[in-house]
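Below is one structure, written out as structure tokens; comments come after it.
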Amino acid sequence: MSDTAYENAKLLAQLGYPVFPTGAIWGHESRSIATTETEMLASIHKIDPGCGWRIRCSRDDGIICLGTRRKCDFESIVREIGPLPHTWAIARASGTLHRLFAVGVDDPDVRQSVPLFGLKAWLKNSVPVPGSVDRSGEIYEWQGATPDQLALARLTDEQLALLPKNGGGVTSEVTRHWEWSPPTASY
């Protein structure tokens, strides 16, 4: 992994989107330490400079993600909810594509990690930050415009209404620096 993932994680955090580290020492619960604090990201990077990064996605985080394993599957989503606005997209060479959209706290609380419309498409609860490497060795990259070139687009109210909703008001608070302590290595 390169510093590209870290630099992209910092950019996203500075824009207010919580990011968290991935990799062997972070385990499956690292989503709970998602943060927008660049000092915390620097501490994590110092401990594990090769870690990957993910963007946490939820209504409370101000961002949602529509993801597919194949870019062509987005045509099916468009048939269900209509044309999607130009927005940030993250892809890898094998065809996985994630399109990110802005949401507000007053928008419907869309349900995460569920198939959409019976398709091979999902609302994702997190997405790899460009520069991160997946288990197969593929690197995630920006597809098209980057956050410094384009504001994050919103789905229409009508499109949001078509997405599955959460029953409860699950919230995801951003971790503050003082609530987190780095993992300790045991040899």
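The angle between the Cα long axis of helix 3-14 and the longest principal axis of the Cα atoms of the chain comes to about 70 degrees, rounded to the nearest 10.
With the alpha-carbon atoms of the chain aligned to their principal axes, the span from lowest to highest coordinate is 52, 36, 31 Å, starting with the largest. A Gaussian network model of the chain, with springs between Cα atoms under 10 Å, assigns the largest mean-square fluctuation among Thr96, Thr36, Thr22 to Thr96.
In this Cβ point-charge picture (+1 for Lys and Arg, -1 for Asp and Glu), the chain has a dipole of about 540 debye about its Cα centre.
Exposure proxy for Phe117, Phe101: other Cβ atoms within 10 Å of each Cβ, ordered fewest to most, give Phe117, Phe101. Can you give me the angle between helix 38-47 and the longest principal axis of the chain, using Cα atoms only, in degrees from 0 to 90, rounded to the nearest 10? With both axes taken from Cα atoms, the answer is about 60 degrees. If exposed trypsin sites (Lys or Arg not before Pro) are those in a DSSP loop with at most 16 other Cβ within 10 Å, what is the longest stretch of the chain that has none? The answer is 1-68.
Per the Kirkwood formula applied to alpha carbons, the range 1-51 shows a radius of gyration over Rh ratio, Rg over Rh, of 0.92. Normalised by the number of residues in the chain, the average gap of Cα pairs under 8 Å and 6 or more apart makes the relative contact order 27 percent. Note on Ala153 and Ile47: the model spin-label points, each 7 Å out from Cα along the C-beta direction, lie 3.8 nm apart. Distance distribution P(r), the range 112-171, all Cα-Cα pairs, bin width 5 angstrom from 0: 4, 12, 14, 22, 21, 17, 9, 1 percent. Listed by chain and number, the lysines placed with their C-alpha closer than 19 angstrom to that of Lys124 are Lys71, Lys165; residues fewer than eight positions away on the same chain are left out.
Read-outs: derived from the displayed coordinates by stated rules, not from any lab. Remember, it's a predicted structure, so these values are computed and weren't measured experimentally. Methodologically, a virtual Cβ is constructed for each residue, glycine included, from the backbone with ideal geometry; neighbour enumeration extends over all protein chains shown.
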